[in-house]
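Have a look at the structure below before the remarks.
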Amino acid sequence: MAEKKSATKEKRITIKTTRFDPDKDEKPRLQSYDIPFEDESMVVLDALNHIKNYVDGSLSYRWSCRMGICGSCGMMVNGTPKLTCNAFLRDYWPKPIVVEPLTNFPIIRDLVIDMDDFMHKLKSVKPWIIRKQELPLGAGEHRQMPAQIEEFRQFSQCINCMLCYAACPVYGLDDTFLGPAAIALARRYNLDSRDQGLKQRLPVIAQPEGVWECSFVGECSVVCPKGVDPAKAIQQTKLDTTLRFTLPYGNRD
Amino acid sequence: MPSGWWLRKRHYFLYVVREFTALPMALWLLWLLYEIKSAGAGPAGYQPPRSIAFVVFSVICFAFATYHSGTFLKLAGVIMHVKVFDRPVPSKVIVLTMFGLWALASLVIGAVLIGFAK
């Protein structure tokens, strides 16, 4: 009888989340929620959705696709930047899980951060294909060989989730730093054989607040959920810009 | 950013250690420059320090230099983008080549110094 009782006993987990209402609170605080851990496939985002749907509807956070593509649900999970749709409760249970907004960004409310700084920086590197002269559509597509795609493929996997900014102590100490994702995306387009915008991006990425601010902590590449290596992009850009500056004819397109 | 951010993760801690190692190495190299200048005045002007404290400091600097050089050379595989016959050279090959060149350079410098000493 006792065995039957324990077998049917509901498995539960404690989620501690940041709560912050700028109209009422002076500073963020943690609030605990004890929720059912219904099945092994539950992720931290499911837990937050459970809290919002059944316990406390005022909890605010961003999310969208729930499949690691949109990059909206990045938060600090037990102090590490993670996509909450990709952080399984089973990896933390039975210990409590602390969910906080991404560090190094201002908090708007609860788990929602202000991403304006990132958006401005992203736009400043012009992460799109730039042509010196646009060809008419009738001229056909810009063809690429598989090897040319491989040059930039990994950098194109970035989903702008900002986990790398939360992991970067350089950005945390000096938010004028352009940051890992913006530089990785700049490199993605600079390596693209269809692109001709290198000289438009160079003034942004080669300035002191660009690649030269990075001291190669490398944590950006560790936390990236898509396997992008922003640290590699930054160091390679350092080498490229140095060679362009020092080699004869190095500044050619 | 709290002042203890670098104690939050092992990776951060190792990064700060890597950066810190440059400081004692710089001090040791300044001393070396001073010694070279002194040696320029002939044997009379050259009096290398023989204290235990300096030997300990030198051993620590050697450990730091090895750690710093090792991390630097490992990163070469990340930074360098080398192609041979239009094919990218794997990072591991670049790193192993770097360590090989490092060992070779150390041997050559060691041989030259021993040669001079004889």
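The values are calculated or read from the model by the stated rules, or taken from the named source; none is laboratory data. Remember, it's a predicted structure, so these values are computed and weren't measured experimentally. Virtual Cβ from ideal backbone geometry, glycine too; neighbours counted across all protein chains shown.
Residues that are assigned to a loop (DSSP other than H, G, I, E, B) and buried (at least 22 other Cβ atoms within 10 Å of the Cβ) within region A:111-126 comprise A:L111, A:V125, listed in sequence order.
With respect to (1) touching a residue at least 24 places away in the same chain (Cβ under 8 Å); (2) more than 21 Å from B:F13 (Cα to Cα); (3) within 14 Å of another protein chain (Cβ to nearest Cβ), the lone exception for A:P146 is condition (1). Given the condition surrounded by 17 or more Cβ atoms within 10 Å (Cβ to Cβ), modelled with pLDDT of 95 or more and not in a strand (DSSP E or B), answer yes or no: does some residue in region A:2-15 qualify? Within region A:2-15, not a single residue is surrounded by 17 or more Cβ atoms within 10 Å (Cβ to Cβ), modelled with pLDDT of 95 or more and not in a strand (DSSP E or B). Of all residues in region B:57-66, at least one satisfies being loosely packed, with under 11 Cβ neighbours inside 10 Å and free of Cβ contacts under 8 Å to residues at least 40 places away in the same chain. Among the residues of region A:24-48, those that are in contact with a strand residue (DSSP E or B) (Cβ under 9 Å, 6 or more places away or on another chain) and in a loop (DSSP other than H, G, I, E, B) comprise A:D25, A:P28, A:F37, A:E40, A:S41, A:M42. For region B:71-116, taking the residues that are surrounded by 15 or more Cβ atoms within 10 Å (Cβ to Cβ) and among the small types (G, A, S), the one that is modelled with the highest pLDDT is identified as B:S91.
A quick yes/no check of all residues on (1) within 14 Å of chain B (Cβ to nearest Cβ); (2) buried (at least 20 other Cβ atoms within 10 Å of the Cβ); (3) touching a helix residue (DSSP H, G or I) at 6+ places or on another chain (Cβ under 9 Å):
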{"site": "A:A47", "(1), (2), (3)": "no, yes, yes"}
{"site": "A:K52", "(1), (2), (3)": "no, no, no"}
{"site": "A:D56", "(1), (2), (3)": "no, no, no"}
{"site": "A:S60", "(1), (2), (3)": "no, no, yes"}
{"site": "A:C65", "(1), (2), (3)": "no, no, yes"}
{"site": "A:M75", "(1), (2), (3)": "no, yes, yes"}
{"site": "A:N78", "(1), (2), (3)": "yes, no, no"}
{"site": "A:K82", "(1), (2), (3)": "yes, yes, yes"}
{"site": "A:C85", "(1), (2), (3)": "no, yes, yes"}
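Comparison of B:L27, B:L14, B:L7 shows that the only residue that is more than 14 Å from every other protein chain (Cβ to nearest Cβ) and either surrounded by 10 or more Cβ atoms within 10 Å (Cβ to Cβ) or at pLDDT below 95 (or both) is B:L27. Among the criteria (1) more than 14 Å from every other protein chain (Cβ to nearest Cβ); (2) in a helix (DSSP H, G or I); (3) touching a residue at least 24 places away in the same chain (Cβ under 8 Å), the one A:G138 does not fulfil is (3). Restricted to helices (runs of 4 or more DSSP H) entirely inside region A:158-253, those with at least 2 residues that are facing chain B (nearest Cβ under 10 Å) and surrounded by fewer than 24 Cβ atoms within 10 Å (Cβ to Cβ) are A:169-173, A:219-223, A:230-246. Any idea how many residues of region B:40-56 are closer than 24 Å to B:L23 by Cβ and surrounded by 10 or more Cβ atoms within 10 Å (Cβ to Cβ)? Adding up the residues that qualify gives 4.
Within region A:95-112, residues that are within 14 Å of another protein chain (Cβ to nearest Cβ) sit with their Cβ atoms under 9 Å from residues that are crowded, with 20+ Cβ neighbours inside 10 Å and of a type in the set (S, T, N, Q), at 6+ positions apart or across chains, in these pairs: A:V98/A:T17; A:V98/A:T18; A:E100/A:T17; A:E100/A:T18.
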